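So the structure is just underneath, and the comments pick up after that.
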Amino acid sequence: MNYELICGLETHVELSTKTKIFCSCSTEFGGEPNTHCCPICIGLPGTLPKLNKAVVEYAVMAGLATNCEISPVSKMDRKNYVYPDLPKAYQISQYDMPLCKSGWVGLSNGRRIRLNRIHIEEDAGKLVHDRGNIFVDYNRGGVPLIEIVTEPDLRSIEEVQEYVEKLQMILRYIGVSDCKMQEGSLRCDVNVSVRPVGQEEFGTRAEIKNMNSLAYMAKAIAYEFDRQVDLIQSGEEVVQETRRFDEGSGCTEGMRGKEDADDYRYFREPDLVAILVSDEMRKSIQKQMPEDPQKRLTRFVSDFDLPEADARLLIEHRRIADYFETAAKGAKNPRAVANCILGQMFARLGTEAEKEQFEVAVSPEQLHELILLLDSGKIRMNLVKSTLEKMLDTGKPAKEFLSEQDLAGMSADDLKAVCEKAVAENEAAAADYLAGKEKALKAILGSVMKATRGRANPQEAEKLLADIIRR
């Protein structure tokens with residue numbers, strides 16, 4: 001019997017606000033343990049929370065970007081459970097009246113992954129395990145989160161990976177989170193169940209907690225799928241539980257029985273008033289949001305005549321997309337701009353984090369000026385590349401590296417003289433070309449381009465060389 005994977009994700013995303021959700025403590029990553037804390041975020045008796053307005057605005061932005069309905073009225077609730085990194089013994093979250101609901105994220109195969117809800121809540125602290133000791137760092141406690149909950153719509157590991165990557169791109173694009181999985185600012189609880197192909201009823205699910213790596217997430221889902229199928233085929237039952245993934249063994253391990261909503265004894269948070277999102281507020285937030293990345297992709301392909309693969313790389317990070325658009329505006333050859341970014345600039349940016357920051361020495365205006373010289377025919381692409389390398393090294397504009405001779409172009413007589421000299425100096429290659437070896441002409445062309453410092457038109461020079469050799 002064949003079995004089908006059923007998967008749903010609960011994605012916790014730390015918001016990029018400067019202060020925490022209910023107090024003015026810093027949300028900056030790192031810092032000495034327990035230095036970004038105050039009586040409110042460590043839950044001392046008598047303290048009162050005050051909701052950070054920016055948290056609501058960021059959550060609304062996330063909802064709008066994922067096609068959600070924004071609730072005009074929502075509220076905060078207490079989620080009660082005891083854990084060492086939660087000093088109050090309850091988490092302030094949202095239960096039955098979330099801020100955003102009924103959204104979706106589209107995949108490349110045309111399927112829509114439905115979102116049940118997006119709600120806001122506070123993060124817990126962090127447990128640090130060291131040589132048999134357990135330490136608690138409350139710096140992360142009270143950092144604002146949105147939790148994005150899908151319906152059980154994901155049917156393959158590939159869909160899970162694409163969904164998370166798409167979500168990362170959307171949230172980074174609108175600026176609500178850096179989504180750095182390695183720093184814990186985006187982590188997923190993965191709910192996995194299996195069922196026989198063709199069966200409508202879902203199987204019993206197991207939850208894999210706190211996945212912060214796409215590669216490990218794929219391994220965890222694959223293992224859990226096989227584990228549950230083996231249990232069913234052996235006549236055993238799959239138990240609803242919370243599990244963890246052990247990176248060393250590549251296996252999931254049971255942690256505790258999986259709680260249901262009733263176990264958390266939700267009730268309304270008495271110290272916070274209801275959250276009201278008016279039409280005016282929603283429209284104001286919508287107006288401030290950047291262009292949807294999918295729409296931008298379509299526009300880059302149509303307006304700038306870019307291959308879709310190149311456009312996808314450019315729009316993946318908003319700073320790069322903005323940079324490209326500024327540099328390419330008004331240029332006759334926007335593909336040359338894209339090639340400069342995707343080639344030479346990307347070669348200097350080794351990681352996705354560096355691409356996200358996109359700190360290069362050349363401003364988009366400086367690149368635009370360089371490409372205009374290409375558009376005017378004053379320089380060729382190979383001279384653009386060599387000049388750009390010097391610009392990236394120094395931060396100086398193109399004019400610092402281009403002489404009057406570089407910008408003067410070449411007359412027909414000058415090009416002919418250079419080509420004749422190149423043929424005379426490469427007699428063997430010329431003979432090989434006459435003998436039918438087409439590649440030999442490229443070697444002579446290389447001599448011409450070197451002698452002219454890239455000022456020659458390679459197409460014109462190649463044609464002229466062939467004529468000279470055949471004479």
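The values are calculated or read from the model by the stated rules, or taken from the named source; none is laboratory data. Since this is a predicted model, take the numbers as computed values, not measurements. Neighbour counts run over all protein chains shown; Cβ positions are idealised from the backbone, glycine included. The accessibility values were calculated without ligands, DNA or RNA, using every heavy atom of the protein model including side chains. Shrake-Rupley method; radii C 1.70, N 1.55, O 1.52, S 1.80 Å.
In sequence order, segment 384-395 has phi-based couplings of 4, 5, 5, 5, 4, 4, 5, 5, 5, 6, 10, x Hz under the Karplus curve 6.51 cos²θ - 1.76 cosθ + 1.60, θ = phi - 60°, and Gly or Pro positions carry x. Computed about the Cα centre, the dipole magnitude for segment 412-470 is approximately 200 debye when only Lys and Arg (+1) and Asp and Glu (-1) carry charge, each at its Cβ. This model, with +1 at the C-beta of Lys and Arg and -1 at the C-beta of Asp and Glu, gives the chain a dipole about its Cα centre of some 1220 debye.
With every protein chain in place and a 1.4 angstrom probe, the accessible-area ranking of Phe267, Phe401, Phe29, Phe358, largest first, reads Phe29, Phe267, Phe401, Phe358. From helices alone, the chain scores -12000 deg cm²/dmol at 222 nm; the rule is -39500 (n - 2.57) for each run of n ≥ 4 DSSP H residues, then divide by the residue total. Here the label points at Lys439 and Thr35, each 7 Å from Cα along the C-beta direction, are separated by 6.1 nm in the simple model. Among (1) 54, 33, 23; (2) 40, 34, 19; (3) 56, 28, 21, find the value of semi-axes √(5λ) of the Cα gyration tensor in Å that was calculated from the structure presented, and write down its label. Evaluating semi-axes √(5λ) of the Cα gyration tensor in Å on these atoms matches (3).
In this label model, Asp413 and Leu107 are separated by 6.8 nm, measuring between points 7 Å along each Cα→Cβ vector. Surface analysis of the chain yields an accessible area of 50 Å² per residue, using protein heavy atoms and a 1.4 Å probe. In this structure the amide hydrogen of Glu269, modeled in the peptide plane, comes within under 5 Å of the amide hydrogens of Met76, Asp77, Arg78, none closer than 5 places in sequence on its chain.
Met281 contributes an accessible area of around 40 Å² to the protein surface, as traced by a 1.4 Å probe with all chains present. If both residues of a DSSP beta bridge must be in the chain, then about 95% of such bridges are antiparallel. For a Förster distance of 25 Å, can you work out the FRET efficiency between the beta-carbons of Ala424 and Gln459, rounded to the nearest 0.05? That gives a FRET efficiency of 0.70. Cross-link check: pairs Lys166/Lys209; Lys378/Lys421; Lys385/Lys463; Lys355/Lys390; Lys50/Lys355; Lys101/Lys166 evaluated at a Cα-Cα cut-off of 27 Å; pairs beyond the cut-off: Lys50/Lys355.
Annotation: Glu201 carries an accessible surface of approximately 130 Å², with a 1.4 Å probe and no ligand, DNA or RNA atoms counted. For a 4.7 Å threshold on C-beta separation, the list of partnerless cysteines in the chain reads Cys7, Cys23, Cys25, Cys37, Cys38, Cys41, Cys179, Cys188, Cys251, Cys340, Cys419. Near Asn139: Cβ cut-off under 15 Å, other residues only, Lys/Arg at +1 and Asp/Glu at -1. The net charge is -4.
The length gained by stretching the chain between Ser278 and Glu359 to full extension, at 0.36 nm per residue less their Cα-Cα distance, is 25.3 nm.
Each residue of segment 210-221 was assigned a 3J(HN,Hα) from its phi angle through the Karplus expression (A = 6.51, B = -1.76, C = 1.60, θ = phi - 60°), giving 6, 7, 10, 8, 5, 5, 5, 4, 4, 5, 5, 5 Hz with x at Gly and Pro.
Note on Leu445: accessible area is roughly 20 Å² with a 1.4 Å probe, heavy atoms of protein only.
Share of carbon and sulfur in the accessible area of the chain stands at 49%, probe radius 1.4 Å.
Taking other residues whose beta carbon is less than 9 angstrom from the beta carbon of Arg265, and scoring Lys, Arg as +1 and Asp, Glu as -1, yields 0. When the Cα positions of Tyr323, Val301, Phe346 are compared along the charge dipole of segment 291-408, Val301 comes out farthest toward the positive end, with charges on each C-beta of Lys, Arg, Asp and Glu. Remark on Met255: its backbone amide H falls under 5 Å from those of Thr242, Arg243, Arg244, a criterion applied only to residues 5 or more positions apart or on other chains, H modelled at 1.01 Å from N. Taking square-rooted eigenvalues a ≥ b ≥ c of the alpha carbon gyration tensor, is segment 291-408 rounded, prolate or oblate, where a/c under 1.5 means rounded and, failing that, a/b exceeding b/c means prolate? Oblate shape, in that a/c is at least 1.5 and b/c is the bigger or equal ratio. Residue ranking by accessible heavy-atom surface, 1.4 Å probe, largest first, among Met391, Met61 comes out as Met61, Met391. Extension gain, Glu352 to Arg268, is 26.1 nm, computed as 0.36 nm per intervening residue step minus the present C-alpha separation. Shown are Arg112, Arg256, Arg131, Arg172, whose ranking by accessible area with a 1.4 Å probe and every protein chain present, most to least, is Arg131, Arg112, Arg256, Arg172.
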